[in-house]
Amino acid sequence: MDRPIRVVVAKPGLDGHDRGAKVVARALRDAGMEVIYTGLRQTPEQIVETAIQEDADVVAMSILSGAHNHLFPKVVKLLNEKGADDILIVGGGVIPEDDIPGLIEAGIAAIFTPGTPTSVTIDFIKNNLKRN
Amino acid sequence: MFDKEKIAQVKKATDNWNDTVIAKTIAKFPERKPEFKTSSDIEIKRVYTPADVEDMDYERDLSYPGEYPYTRGVQPTMYRGKSWTMRQYAGFATAEESNKRYKYLLEQGQTGLSVAFDLPTQIGYDSDHPLSEGEVGKVGVAIDSLKDMEVLFDGIPLDKVSTSMTINAPASVLLAMYIAVAEKQGVTPEKLSGTIQNDILKEYIARGTYIFPVEPSMRLITNIFEYCSKNVPKWNTISISGYHIREAGSSAAQEVAFTLADGIAYVEAAIKAGLDVDEFAPRLSFFFNAHNDLLEEVAKFRAARRLWAKIMKDRFKAKSTKSMMLRFHTQTGGSTLTAQQPDNNIVRVAIQTLAAVLGGTQSLHTNSKDEALALPTEDSVRIALRTQQIVENESGVTETIDPLAGSYYVENLTNNIENMASEYIRKIDELGGAARAIEKGYVQQEIQDSAYRYQMEIEKGERVIVGMNKFKVEEAAPKGLLRVDPIVGELQARKLADLRSTRDNAKVDAALEALKKAAQGEENLMPFILDAVRVYGTLGEICGVLREVFGEYQQTVIL
Amino acid sequence: MDIKAGLLNGDKRACARLISLIENEDAQAVELLKELYSMTGNARVIGITGPPGAGKSTVTDKLAKLLRKRNKKVGIIAVDPTSPFTGGAILGDRVRMSDLNTDPGVFIRSMGTRGALGGLSKAANAAVKVLDIFGMDYIFIETVGVGQSEVDIVKLADTVVMVMVPGLGDDIQAIKAGIMEIGDVFAVNKSDRDGAERTATEIEVMLDFNRGAAYRPPVVNIIAKDNNNIDKLMEAIDDHYEYMQNSGNYKIRKRNSLKTEIIDIFKYNVVKSIEQKSENTNIIDQLVELALDKSIDPYTAALRLLKELRSTES
């Protein structure tokens, strides 16, 4: 694929810790992707609308408040309802290992916890896109 | 301080040593890296000598503990007199649970309370607001009204404890609730001691729990300064925070620079509001991070104290020495903890504790080893507290004051950090002050550049994080993490519905209307907020009125 | 996905996908635009430009909200620069438009400037057509007014709003050179700040120099974040549009921009076919070698390329 991959980097929920999201956004850009950055305090509805209007290949979300079990699956559900099931969804943040299987089950393709090198995230995205 | 001839001799001898012994050694055994640097990008020399501090004047630059410019500490006897306050930040889900935890911590020998609020509370939404969904009780206690606050401090005599509340945008509302609870206990406001964070600028920079735009936020802050100087004199009205700036990825020097630049903005705002500098400045306190680079951290604390003293004396013409003293709380660095091999975090926290203590902190929170994974359990909180107690009682570093003073390296680093911070402050002044520099995204951009550089250093292996990018092991997922019951949100919502149907709603409406009028005018808002709180107006209702009048802050994103 | 049906039925996904296909130079997209071209021409196109930090996104956000109150549908195309080194980009304009996101009558799309060759203005132009067909009443194109390619983009607009801000210092000078001229309406944002009056005066002085009498761009003081004078700004935009209609200048502008568009597409196709041809025959490299030897000059080389192209097309 020679077109740039388009990624929505979003901060759902109310926590304001965007260091990780911003570092990932920069790293994705440096890997040649087009990163649509949403800013803080995004509702699942806002994230889904952004992903659709931007025709994103990927939605990457970061949460550090512990609200991931609630908010991540909601984004997946809303995207599916809109027929946008060809978007790869990944998540990151302070997320306990125990919660990961449930999130994967809910349709999050991968969860990147603190300490994950950005190169791992980049490779995962490149290798797991749902469309060409 | 040093004899000029002696210094010349030392310089010559050092050159000689580098040219002969070192040149020969390096030729055979090269050093580990081509250059050695601190987090602030300060180059570290092989060895430091008197020549690196040749301009130091002991009386002028260091002086004695409790004496200007306070490089060596703000109290004359420091930890020989009294240990620092061990203050663990804690708050869990509901007021009932948190109350239990506070009582436990007080029994364990903790000497001050620290309240963490959940995000809806920090952003001024009630628990039943749509945006609160999934967040209620997650990172701290949910407080919707005075009812919750009464439960939170039930059985804790507010004239006996000092309480630190991590609350910013709605700080005036939570402080009002605290005062109202005290009233019910029969404790008058002048007996209350504690701290509210109340530092909105760093919320815009790094932490993100802002509500209102810059101007009305600064007004709320100066309203608190004024109100407390008259009514709650022992209250620390602001904790100007570098902690979150560092967590967002800044260097040590940037932490000092941006924190003090914020401090300057608050002092300017208060003076502009007609307050006398020596009336409110003694109640300003600071909040810093402690990272692993032990000696740079110690130098950072010393540099911050000296620079602030000069700023208060020279720039703001403060007369009271209390206005010049930078008193600070420290928390060990959350971002330094790894999810991998979490037990290693105990060691990191111990080093950071040493840094804070050698740096002369007034109070300290030590992180628990599992905080990179979730909220800490009771066991890990105890280890964190024990870490402080070991440093206090067994390490010996508390027996003399500022023991690292006079180290050529530490003094040189202290100078370097002070100079770098001054340079940043000059640049921020040029941009029109901290608030303007933040609106332009300058401060955020500087921090993000540091954060990105740091991340890339780790990924390239130039910076080793033990257990994460080196010395890795296969490990099983940790068990027994604390989790918050998802029904807390429902519980709080039910309590709110109950409250709204039992309180005197006419009184609430009247109080909110009065607050609105006052907000549209110029009056101090604290008495109006207190009135609304007393009749059980909720946090969301009070902040809602202010949102209506003030609008909301729009973040500046520059990547 | 049936893009055509979706586009005509108000499906945002279809609209979004078509814009992607255009950006990716997909042949299917061109076919669809050919087919639906007659449906364009109903939207008012407003360009928003100005130096970095002037508050363009906030201005766009507030204007869009005003139009939504008047029940108009609004499309927004926000352009940010692509890194020439990595081909990546950070598109951050939506941050300022968060609460427009979920409004069913609003469609926001971020675009990177991507490659050279006027490719962006071509893509932006096509994206405007898509939003026009999609039924938007107003379409905003927002770009940083720093380079020629950005200027080319906003030139597509019926009305160009130049957003300025006090205290930019030397930036104003940089903007002046060749770019200020395209402003039909000037907005001085953050007009409560020191130096706002000076900025407005500087613009007026510049306007004194540059224009004849027929139409003088108005200078409107606004504070976008407080929604202050946004209605005045909209009025100025409407006035300009009306003037353009009444004076006949609208037709002239449309004619000019169509001419530019046709020539751009033509140039693009020519270059593209030569590149494609060269992929097989290496003809460009061969000509380069010859010119390096001085056995041919670049002028003749270019003519020979053109001949090559014709010979394959006939």
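Observations
- Counted residues, the range B:1-49 - those being assigned to a helix (DSSP H, G or I), in contact (Cβ under 8 Å) with a residue 12 or more places away in the chain and of a type in the set (V, I, T): 4
- Considering only residues in the range B:118-138 that are within 16 Å of B:N198 (Cα to Cα) and more than 7 Å from chain A (Cβ to nearest Cβ), the one that is surrounded by the fewest Cβ atoms within 10 Å (Cβ to Cβ) turns out to be B:G124.
- Single residue of the range A:29-41 satisfying the filter (within 12 Å of the chain's Cα centre (by Cα) and more than 7 Å from chain B (Cβ to nearest Cβ)) that is surrounded by the fewest Cβ atoms within 10 Å (Cβ to Cβ): A:T38
- Filtered residue count, the range B:62-74, keeping only those that are buried (at least 18 other Cβ atoms within 10 Å of the Cβ) and either in a loop (DSSP other than H, G, I, E, B) or of a type outside the set (A, V, I, L, M, F, W, C) (or both): 7
- Options B:A339, B:A384, B:A350; residue that is of a type in the set (A, V, I, L, M) and within 14 Å of chain A (Cβ to nearest Cβ): B:A339
- Residue in the range C:85-93 that is at negative phi, surrounded by 19 or more Cβ atoms within 10 Å (Cβ to Cβ) and more than 14 Å from every other protein chain (Cβ to nearest Cβ) present: no
- Subset of the range B:363-381 that is out of contact with any Pro (no Cβ under 7 Å at 6 or more places or on another chain) and of a type in the set (S, T, Y) - its residue that is farthest from the other protein chains (Cβ to nearest Cβ): B:S363
- Matching residues, the range B:456-499, being among the basic types (K, R) and either touching a helix residue (DSSP H, G or I) at 6+ places or on another chain (Cβ under 9 Å) or at pLDDT below 85 (or both): B:R463, B:K479, B:R483, B:K495
- Residue within the range B:78-92 that is out of contact with any Ser or Thr (no Cβ under 8 Å at 6 or more places or on another chain) and either more than 22 Å from B:N236 (Cβ to Cβ) or of a type in the set (S, T, N, Q) (or both) present: no
- Every pair of residues 6+ apart whose Cβ atoms lie under 9 Å, when the first sits in the range C:121-134 and is in the same structural domain as C:I77 (by TED's automatic domain parsing) and under 15 Å from C:D26 (Cβ atoms) while the second is part of a helix (DSSP H, G or I) and of a type in the set (G, A, S): C:A126/C:A29; C:V130/C:A29
- Counting only residues that are in contact (Cβ under 8 Å) with a residue 24 or more places away in the chain and among the small types (G, A, S), the range C:5-49 holds 6 of them.
- Scan the range A:42-73 for residues that are buried (at least 20 other Cβ atoms within 10 Å of the Cβ), of a type outside the set (A, V, I, L, M) and more than 8 Å from every other protein chain (Cβ to nearest Cβ) and the total you get is 5.
- The range B:304-412 holds helices (runs of 4 or more DSSP H) entirely within its bounds, and those carrying 3 or more residues that are modelled with pLDDT under 95 and either within 30 Å of B:Y68 (Cα to Cα) or not polar (S, T, N, Q) (or both) map to B:378-394.
Every residue, every condition in (1) at pLDDT 95 or above; (2) of a type in the set (G, A, S); (3) in the same structural domain as C:M111 (by TED's automatic domain parsing), yes or no:
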site	(1), (2), (3)
C:D2	no, no, no
C:C15	yes, no, no
C:L18	yes, no, no
C:A27	no, yes, no
C:V30	no, no, no
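- Pair list, Cβ < 7 Å and 6+ apart or interchain, from the range A:8-28 residues that are more than 9 Å from chain B (Cβ to nearest Cβ) to residues that are of a type in the set (D, E, K, R) and not in a helix (DSSP H, G or I): A:V8/A:E54; A:A21/A:K11
Yes/no per residue for (1) under 29 Å from the mean Cα position of the chain (by Cα); (2) without any contact (Cβ under 8 Å) to a residue 40 or more places away in the chain; (3) not in a helix (DSSP H, G or I):
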{"site": "B:V464", "(1), (2), (3)": "yes, yes, yes"}
{"site": "B:K472", "(1), (2), (3)": "no, no, yes"}
{"site": "B:A497", "(1), (2), (3)": "no, no, no"}
{"site": "B:E513", "(1), (2), (3)": "no, yes, no"}
{"site": "B:A518", "(1), (2), (3)": "no, yes, no"}
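- Answer residue from the range B:366-379, given it is buried (at least 24 other Cβ atoms within 10 Å of the Cβ) and either of a type in the set (G, A, S) or touching a strand residue (DSSP E or B) at 6+ places or on another chain (Cβ under 8 Å) (or both) and is nearest to B:G81 (Cα to Cα) among those: B:T366
- When the range C:102-112 is limited to residues that are within 8 Å of chain A (Cβ to nearest Cβ) and more than 15 Å from C:L67 (Cα to Cα), the one that is surrounded by the fewest Cβ atoms within 10 Å (Cβ to Cβ) turns out to be C:T102.
- For the range C:179-233, a residue qualifies if it is closer than 19 Å to C:L63 by Cβ and modelled with pLDDT under 85, and exactly one does: C:I182.
- Flag for A:P96 being surrounded by fewer than 23 Cβ atoms within 10 Å (Cβ to Cβ), farther than 26 Å from C:T102 by Cβ and at the interface with another protein chain (Cβ under 7 Å from one of its Cβ atoms): yes
The rows are residues; the columns are (1) within 24 Å of B:A519 (Cα to Cα); (2) surrounded by fewer than 22 Cβ atoms within 10 Å (Cβ to Cβ); (3) in contact with a Lys or Arg (Cβ under 8 Å, 6 or more places away or on another chain); (4) assigned by TED's automatic domain parsing to the domain that holds B:N524.
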site	(1), (2), (3), (4)
B:E215	yes, yes, no, no
B:L220	yes, no, no, no
B:F225	yes, no, yes, no
B:K230	yes, yes, no, no
B:G242	no, no, yes, no
B:A248	no, no, yes, no
B:A252	no, no, yes, no
B:V256	no, no, yes, no
B:V267	yes, no, no, no
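- Verdict on B:T188 being among the β-branched types (V, I, T) and out of contact with any strand residue (DSSP E or B) (no Cβ under 6 Å at 6 or more places or on another chain): yes
- No other residue among B:Y104, B:Y178, B:Y125 is touching a helix residue (DSSP H, G or I) at 6+ places or on another chain (Cβ under 8 Å), of a type in the set (S, T, Y) and under 22 Å from B:S239 (Cβ atoms) apart from B:Y178.
- Within the range B:437-449, if we keep just the residues that are facing chain A (nearest Cβ under 10 Å) and crowded, with 19+ Cβ neighbours inside 10 Å, the residue that is farthest from A:P114 (Cα to Cα) turns out to be B:Q444.
- Leading residue by the ranking (farthest from the chain's Cα centre (by Cα)) among those in the range C:5-24 that are surrounded by fewer than 18 Cβ atoms within 10 Å (Cβ to Cβ) and under 21 Å from A:I87 (Cα atoms): C:G10
The values are calculated or read from the model by the stated rules, or taken from the named source; none is laboratory data. Note that this is a predicted model, so its numbers are computed, not measured. FYI the Cβ positions are ideal-geometry reconstructions off the backbone, even for glycines, and counts take in every protein chain you see.
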